[in-house]
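Report on one structure; see the data block that follows.
The values are calculated or read from the model by the stated rules, or taken from the named source; none is laboratory data. If you're wondering where the values come from, they're calculated on a predicted model, not measured in any experiment. As a convention, Cβ positions derive from the backbone with ideal geometry for all residues, glycine included, and neighbour counts pool all protein chains shown. For accessibility, only protein heavy atoms count, side chains too; no ligands or nucleic acids. Shrake-Rupley method; radii C 1.70, N 1.55, O 1.52, S 1.80 Å.
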Amino acid sequence: MRTVLAWSDKPAEREGAKNIVYDIAFRPDGLQLVAAVGMRVLVYDAVSGDMLHSLKGHKEAVHCVAYSADSKRFASGGADKQVIIWTSKAEGILKYAHTEPIQALCYNPLTHQLASATAGDFGLWSAEARSVPKHSLASRALCCSWTTDGQHIALGLFSGVVTIRDRIRPDVEKVRIDRPGGPVWSLRWNPSRVEQVDVLAVGCWDGTLSFFQLSGRQVGKDRELGYDPCCVSYFANGEYVVVGGSGRSAALWTKDGVKLAPICERGSWVWACQPRPRANFVAVGCQDGTIAIYAYRDNMTDVIVQHLATDERVRIKCRDYVRKVAVYKDKLAVQLPDKILLYELAHPDDATDMSYRPSERIGKKLECTLLVLTAAHVTLCLDRRLRLLDLRGELVREWDLEATIRYIKVIGGERAREGLLLGLESGTVVRVFVDNPFPTQLARVDAPVRCIDMSPSRSKLAVVDDNMVVRVFDLTTGAVTMTEQGGTSVAWNSALEDAFCFSGNGTLTVKMGTFPVHTDLAHGSVVRFTGSKIFCLHFVEMKTMHVPQTASLYQFLENGDYAGAARVACLDATASEWQHLGSEALRALELKSARQAFVRTRDLRLLDLVRAVEAARKAPGHDDQLLAADVLAHQGKFAEAARLYAKAGRADRAVAMFTELRQWDEAKRYSGTAGLANNADLAKRQAEWAEEVNDWKAAAETYAAAGDMLRAIRVLGDNGGAASAARLRELLRSLAPSARDELSACAMYLKKAGDAAGAREAYAKLGDAAALIGLAVEQGAWEEATDLARDHPQHAPAVYLPYADWLAVRDRFVEAQDAYTRAGRPDKAVRMLQALAHNATVEERFADAALYLHLIATERLRAARRGAAGADAAADGGVGGALAAGRPRGRAAIAHGAGSAAPFAEASAAVLAEYAELNGQAEIYYAYEMVHRFEREPFTTELAETIFQCCRFLLARTTHRCPFRVSRVSTLAALAKQAKALGAFKLSRQAYEKLSAYRLPPAWREHIDLQAISVRAKPFVDSEDLIAVCYRCQTTNPLLPPPGVGDECVVCRHPFARSFATFEPLPLVRFALPPHIFPQEAERLVSREPPPVAARAEAKANPWQGGGGGGGGGAQVLTLGDDGADAADDALGSDEPFMQALLDFDAGGGAFVPVEVDESMLLSFHKEEVFVQKWAGGGAAGGAALPWVWWKNMVPEIPISQCSACNRFFHGEEWEAAVLAKGQCPFCRAPQTAE
């Protein structure tokens, strides 16, 4: 085994104590070494050997040191009976003592407990414990070691006993091993974690090395050492053991107890030896105070074969110490201590095969210093002798040379006729053929030969001597052609005769022909130089280095040696380097090298050029200058090509070249030289070329400069896109309004490019309102579009119809309805609202459904009004036309506008009926929203009276048919519940009885039955506070209307006017106007102040009336009549005409007839008491589809408010609260104010 001393140190003795290195320990990462030297603990850098710390803490000699597995601390113990714990920074942190000198220390690999052994006991220290428990021993302890799992500790005693203790019960001996031959001075557990059982290596002072299992069973026999072992240590992988002792040496053993080779020889006892973790080094400590670290190779029993091309490796296990290895083609020879094993590839025809199989075996112990292998022989070198053996081990031939053989290399040849190069210590280089007994001297140097190699042609020889001088010999002349310094190994390039490399002093030098050398940093010895790859062996690692040949390639090109450049390029040139070589060779008209380069790059175009140049050169009268210019033009060097054309008198070819290249300025410059003065034609061609090759900017500028603005605009618009918008705007501003074609093209292209501002400017310059509106609509600029529509009403549909669609998509349906109407498409508005109403009903958003139905009804009414207006216009030119002409309208026409609707009644009857039905459904859904929320939500903000009145309203309105999704069962259930809560027990009982006739949900049935039974325990009466009174006839109405009666009085059929906040009846009475009073006149009469009422008030206050026929003028007369009638008349104010008219009705009639008032009655009304329902589309002068409806507040003390949009009534306070909360009408959601 070959080892190399990495570093050593022998500390000076101090304090009169003799330096003996009793123990050493590495930090687990292998970067520091701790040594027990004399009375000090020394800490070294394991790599450089520098001493980092000299720790003084012991008063006597230090016997042992140990490092913890976590690298945080180490410990030392000595003859002063003290154990000191140090941090990894060499700071002492703890000290504890024994009663005897410390003999051994060992850290537990898992728990980091420290075991300290002495002559009488051993202790276990841990960082968590406050004291160190100690356990007595029968004999003096000399060594200790923990198992890999940290569960057991083995102690070697002076009595020859090995005692194994458990970590949990260290006072109890678990296993005892007796070694009667002598003291057990060293032991160590195998640290490998892959072994199935723990194995303990024991070094005993009877000169043996033994192995034991944890159970105490011995593994194999005792191994005789021939000396007393002082230290036994395992490598980190557990494969090898290092043993040192009184034999003044350290040796390497396998884990099975097979001795491999010595590591080092020392002049004194080796007390400590320790492998360095994670590295191939072994440290030893000696009796003379020396600390040394040796480097060694790994895999001492294995052979690793590496394929240099594929970098694939194969390991061959020989199970013995490998002394030498030789490889030749498909064969491998391995020398072991007592034999030589021969292997061959299983598949030699496969260049990538790495499967070796044994072929021959030479069972002889053969001594040699060098070993090489050929196809049929094994060659051994020993001193001056060179022995040739066949593959069976028989001696074939032997040579005795003049000096010791220092280097040998196989240089190839036929099978059994290979040649060998030998370098001798005398400086002679000899060539020997295995079939020839006579060596041939090739060269001689002044110093022993260190390395040699021969060129591929066998014409040159490179020699390196011990003085690191590299010489190259020409074998033909024997002359030295080159000498270089600083080499230790050399190798010729196997593919190039002129290239070789050598290494030495950490550098790698490459020599190419006669050019200067190229040097780079590299470690190791050169083994092979193939192509652009150099293989260097550094220790046991084969490194592959890529050496680019670019510099050499360019050097050949600079010298004009294109053939040499091609040879260099063949090594490993890139495609770009081959292309450059071909271009340079073609420029120099070296067509052979150019063809070789372009074949490599597969450039068919340039190969065609090479063939064309070859053909042109064969033609008589050819001009190489023109051919060179053509080559330059093909290579893109147009300026140089043009100069050569001009120099050769062919400037016209330069013009043609630049014209094809569209370099117009250059073409114009050479056109004068060529005698071509037509620059205008060049400009035209320039524009056309620019357009053809999509250089639209240049084409447009050229056309614009030529005055062809329309073509310039088309080029910019068709090709430029958004990038051409700025230039188009510039052209637009330069155009006159009369250039309509150009302006239209600009507008179109700017719009296409997304430049709305530019297109708007173009359309404005053209005066095209329709295009402006279309542009605004496309851009979504609705404010601008509507402004344009107001200025140009003929284009309104083009604005409002897409605007309505846009609003509808964004859920702004009310605004969308108005936009559809403005666009003249109310049908689309109605379809949208119908879909919304249906969806809202399906989703049980009944308030939204009510709103949409109300909007549909309003739209239907507007449609009817537009139809009436159209009919009037067809009859007499329309109302607007009559008013514009100043002609007075007739009374019939005004009456029709006032609401009689006679001329249009038949045409609009269906629309009015649909309007009434839709409005009625809207009111039902609006009321049902409150009932539905009351039913579904656990808590509600609505008052019980509100739910009560809503239910009464719904039952009155749904006597014949319930709208979609409106549940009569839910209404009755809510009414019954609220009636019971408000004291209307009779009504609640009636509601429960009606519910019993319906199919109820299973979840409701039990609750309804229980409530129906519980209400029977209540009086069969209703609370008088809930009784509804008709404000026209003063009749008390039942809470639950009889069948066939709607939301109206059961006597006079007057409809109840309800507040659409709480649905309570309002004191409103409906009246009508006679035919001769127009609505506008009625409004004027109501707006006047009423006449004084003092006389009437006095008469009412004095029931006695003055009368008499003939002459009782001053007598008081008491008139006796029907007391009941008088009382009723007094109560109703029968002396007032309107109150008397209210009582004048036919109680048996079926239809309701409102009271008709005259001028005196209207004058007697207060303005605040009268309310008018003016329906959408209705009015005094517009051909109304629905007449106005008049109401009077019978109790002025109760404030009533009316929504101006939907004409619904509300209590004044409820209206103000709703408007202040949301700023809109609760029913129609039209914006309102609280004024």
query: Picking from V1021, V969, which residue would you name as being under 21 Å from M930 (Cα atoms) and hydrophobic (A, V, I, L, M, F, W, C)?
result: V969
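Each row is one residue, and each column tells you yes or no for (1) farther than 27 Å from E1168 by Cβ; (2) surrounded by 15 or more Cβ atoms within 10 Å (Cβ to Cβ).
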| residue | (1), (2) |
| --- | --- |
| Y1031 | no, yes |
| P1041 | yes, yes |
| G1044 | yes, no |
| C1052 | no, yes |
| F1060 | no, yes |
| L1066 | no, yes |
| R1070 | no, yes |
| L1073 | no, yes |
| H1076 | no, no |
- line: Checked A829, A823 against criteria (hydrophobic (A, V, I, L, M, F, W, C), touching an Asp or Glu at 6+ places or on another chain (Cβ under 9 Å) and either closer than 18 Å to A785 by Cα or surrounded by 16 or more Cβ atoms within 10 Å (Cβ to Cβ) (or both)); the one match is A829
message: It is to be established whether one or more residues within the range 473-491 are acidic (D, E) and over 60 Å from the mean Cα position of the chain (by Cα).
response: yes
- prompt: G226: open to solvent by 20 Å² or more (accessible area, probe 1.4 Å) and part of a loop (DSSP other than H, G, I, E, B), yes or no?
  reply: yes
field: Subset of the range 453-480 (residues that are in contact with a Leu (Cβ under 9 Å, 6 or more places away or on another chain) and on the phi > 0 side of the Ramachandran plot)
entry: R458, G478
task: Could you list, in sequence order, all residues of the range 68-99 that are open to solvent by 30 Å² or more (accessible area, probe 1.4 Å) and closer than 10 Å to G57 by Cα?
output: Q82, G92, K95
field: Subset of the range 702-717 that is open to solvent by 70 Å² or more (accessible area, probe 1.4 Å) and modelled with pLDDT under 75 - its residue that is nearest to A753 (Cα to Cα)
entry: A705
query: When you go through A416, A443, A491, A462 one by one, which is the residue that is part of a loop (DSSP other than H, G, I, E, B) and hydrophobic (A, V, I, L, M, F, W, C)?
result: A416
query: Can we say I304 is open to solvent by 50 Å² or more (accessible area, probe 1.4 Å), part of a strand (DSSP E or B) and closer than 28 Å to A333 by Cα?
result: yes
message: So if I check each of R602, R567, which one is over 26 Å from R653 (Cα atoms) and buried (at least 16 other Cβ atoms within 10 Å of the Cβ)?
response: R567
query: Quick one: L366 ticks every box in (1) assigned to a strand (DSSP E or B); (2) more than 59 Å from the chain's Cα centre (by Cα) bar one, so which box is it?
result: (1)
When residues of the range 74-93 are limited to those that are of a type outside the set (S, T, Y) and without any contact (Cβ under 8 Å) to a residue 24 or more places away in the chain, the one farthest from P11 (Cα to Cα): I93
message: Against the condition in contact (Cβ under 8 Å) with a residue 40 or more places away in the chain and touching an Asp or Glu at 6+ places or on another chain (Cβ under 6 Å), how does G156 come out, does it pass?
response: no
message: Going by what's in this entry, would T148 be described as in contact (Cβ under 8 Å) with a residue 40 or more places away in the chain, open to solvent by 50 Å² or more (accessible area, probe 1.4 Å) and of a type in the set (S, T, N, Q)?
response: no
- prompt: When the range 634-667 is examined, which residues are found to be farther than 22 Å from H580 by Cβ, of a type in the set (S, T, N, Q) and open to solvent by 20 Å² or more (accessible area, probe 1.4 Å)?
  reply: Q663
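Per-residue answers, yes or no, for (1) buried (at least 21 other Cβ atoms within 10 Å of the Cβ); (2) among the aromatic types (F, W, Y); (3) under 54 Å from the mean Cα position of the chain (by Cα); (4) in a strand (DSSP E or B):
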residue: C144; (1), (2), (3), (4): yes, no, no, yes
residue: P170; (1), (2), (3), (4): no, no, no, no
residue: L187; (1), (2), (3), (4): yes, no, no, yes
residue: V197; (1), (2), (3), (4): no, no, yes, no
- request: Under 8 Å between Cβ atoms, at least 6 apart or on separate chains: pull out the pairs that start in the range 624-648 with a residue that is outside any helix (DSSP H, G or I) and end on any residue that is open to solvent by 30 Å² or more (accessible area, probe 1.4 Å) and basic (K, R).
  value: Q635/R587
task: May I ask you to say which residue of A770, A757, A736, A764 is surrounded by fewer than 18 Cβ atoms within 10 Å (Cβ to Cβ), hydrophobic (A, V, I, L, M, F, W, C) and assigned to a loop (DSSP other than H, G, I, E, B)?
output: A736
task: Among the numbered conditions (1) without any contact (Cβ under 8 Å) to a residue 60 or more places away in the chain; (2) part of a loop (DSSP other than H, G, I, E, B); (3) closer than 24 Å to V242 by Cα, tell me where V34 comes up short.
output: (2)
message: Filter the range 956-1008 down to the residues that are open to solvent by 70 Å² or more (accessible area, probe 1.4 Å), in a helix (DSSP H, G or I), in contact with a Ser or Thr (Cβ under 9 Å, 6 or more places away or on another chain) and not basic (K, R) and list them by number.
response: A981
query: Given (1) touching a residue at least 40 places away in the same chain (Cβ under 8 Å); (2) open to solvent by 30 Å² or more (accessible area, probe 1.4 Å); (3) in contact with a strand residue (DSSP E or B) (Cβ under 6 Å, 6 or more places away or on another chain); (4) not hydroxyl-bearing (S, T, Y), where does W253 come up short, assuming only one miss?
result: (2)
- prompt: With respect to L341, is the statement that it is in a strand (DSSP E or B), within 18 Å of V410 (Cβ to Cβ) and open to solvent by less than 50 Å² (accessible area, probe 1.4 Å) true?
  reply: no
message: Can you say whether R727 is under 25 Å from R662 (Cβ atoms) and either open to solvent by less than 30 Å² (accessible area, probe 1.4 Å) or under 45 Å from the mean Cα position of the chain (by Cα) (or both), as far as the supplied structure shows?
response: yes
- request: Collect the residues in the range 122-138 that are over 60 Å from the mean Cα position of the chain (by Cα) and open to solvent by less than 20 Å² (accessible area, probe 1.4 Å), keeping them in residue-number order.
  value: F122
query: What is the one condition in (1) farther than 30 Å from D353 by Cβ; (2) buried (at least 17 other Cβ atoms within 10 Å of the Cβ); (3) under 51 Å from the mean Cα position of the chain (by Cα) that A295 does not satisfy?
result: (2)
message: Can you tell me which of (1) open to solvent by 10 Å² or more (accessible area, probe 1.4 Å); (2) assigned to a strand (DSSP E or B); (3) within 24 Å of S457 (Cβ to Cβ) is the one V396 doesn't meet?
response: (3)
query: Here are A333, A403: which of them is under 30 Å from P262 (Cβ atoms), of a type in the set (G, A, S) and buried (at least 18 other Cβ atoms within 10 Å of the Cβ)?
result: A333
message: Tell me the residue from D805, D787 that is in a helix (DSSP H, G or I), over 24 Å from C746 (Cα atoms), within 46 Å of the chain's Cα centre (by Cα) and among the acidic types (D, E), please.
response: D805
